[in-house]
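Okay, so here's the structure we're looking at.
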Amino acid sequence: MEAQPKMESSSARWHHPGGKLREIGAHSLTDRELLAILISPGIKGRPAEDTAEDILRRFGSFKGMANQPLEKLLQIRGLGDVKVIKLAATFEIARRIVAQVLRDHEEKQDQQRGQAP
């Protein structure tokens, strides 16, 4: 008989969201699960998923988090320097991706306008 993945909650069949991501893809994860991957492991007696939920409740969304000074993130139980630095780097990567997509879109529009009759 094949062993089933360890369940952490009734809504998940994976012990950690990383297993869910690997098995069925990042698109299937909630914001809480994605954030938990970035801030894992949790701290003693408190899984990363619970800390992620607190963070999202406090700031409302990834966008709300991204605009916070690092000091505000450091006030959250379960987040230390290393985790906050990882989050800051992740948000900077996201900003750069968005900036590149916008530049590419503008260039494409400029090219289309130049080709219009």
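For Asp104, the conditions (1) at pLDDT below 95; (2) closer than 25 Å to Trp14 by Cα all hold with the exception of (2). Just one of the listed residues (Pro5, Pro47) is in contact with a Gly (Cβ under 7 Å, 6 or more places away or on another chain) and either among the aromatic types (Phe, Trp, Tyr) or at pLDDT below 95 (or both), namely Pro5.
State whether one or more residues within region 46-57 are surrounded by fewer than 13 Cβ atoms within 10 Å (Cβ to Cβ) and touching a helix residue (DSSP H, G or I) at 6+ places or on another chain (Cβ under 7 Å). No, that holds for no residue. Among the residues here, Ser28 does not qualify as modelled with pLDDT under 90, surrounded by fewer than 17 Cβ atoms within 10 Å (Cβ to Cβ) and of a type outside the set (Lys, Arg).
Of all residues in region 87-108, those satisfying the criterion of being surrounded by 11 or more Cβ atoms within 10 Å (Cβ to Cβ) and without any contact (Cβ under 8 Å) to a residue 24 or more places away in the chain are Ala88, Ala89, Glu92.
The values are calculated or read from the model by the stated rules, or taken from the named source; none is laboratory data. Note that the structure is predicted; figures quoted are calculated from it, not measured. Note: ideal-geometry Cβ built from the backbone for every residue, glycine included; neighbour counts use all protein chains shown.
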